[in-house]
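To keep things clear, I will list the structure first and then write my remarks on it.
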Amino acid sequence: MERIAMPNIKVQGFAQARRAAVDKAGEILKRPVIVAWKDDKSGISAPEIPGGRDGRWHDYGESNDGVMELDVGDAYHFIFTEAEGFEEPDINLVSLEDNGATFLCLNDACTEEEKQKLGYFPGGGVGG
């Protein structure tokens, strides 16, 4: 998996870090999808794996077709896969919008706030 460090990017939190990561991933991948992430400042990572050891989010990203890891400001880490060539939509994908820019993310890689807004059901998919 390719790893890109962006230590000089100054961000005001997770949302800005994710936007920077998505922008950079969009320069390299045709259709980037967030598979997993970790916020060192809050200690939160996704997907949340109950009983998982530290770093489990990274193992998940690698084993679920992660092709690129972006580290933003030394505190935020995102693993992306390439959706170009998917034969059919994956029902586990969610389309999110951030300040007018739309991007894809696996349901399990959504933040808790996004899950509430989207009507996320832990059994898979989104409701609404």
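Yes/no per residue for (1) over 13 Å from the mean Cα position of the chain (by Cα); (2) modelled with pLDDT of 85 or more; (3) not polar (S, T, N, Q):
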{"position": "I9", "(1), (2), (3)": "yes, yes, yes"}
{"position": "A20", "(1), (2), (3)": "no, yes, yes"}
{"position": "D39", "(1), (2), (3)": "no, yes, yes"}
{"position": "G55", "(1), (2), (3)": "yes, yes, yes"}
{"position": "V67", "(1), (2), (3)": "no, yes, yes"}
{"position": "Y76", "(1), (2), (3)": "no, yes, yes"}
{"position": "E87", "(1), (2), (3)": "yes, no, yes"}
{"position": "L96", "(1), (2), (3)": "no, no, yes"}
Check your understanding: Taking the range 27-42 as the region of interest, how many residues are surrounded by fewer than 17 Cβ atoms within 10 Å (Cβ to Cβ) and free of Cβ contacts under 8 Å to residues at least 40 places away in the same chain?
Key -> 4
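Would you mind stating whether Q16 is at pLDDT 75 or above and more than 15 Å from the chain's Cα centre (by Cα)?
On the way: at pLDDT 75 or above: yes; more than 15 Å from the chain's Cα centre (by Cα): no.
So Q16 fails the test.
The values are calculated or read from the model by the stated rules, or taken from the named source; none is laboratory data. It should be emphasised that the depicted structure is a prediction, and the values quoted were computed from it without experimental measurement. Reconstructed Cβ throughout: ideal geometry from the backbone, glycine too, with neighbour counts over all protein chains shown.
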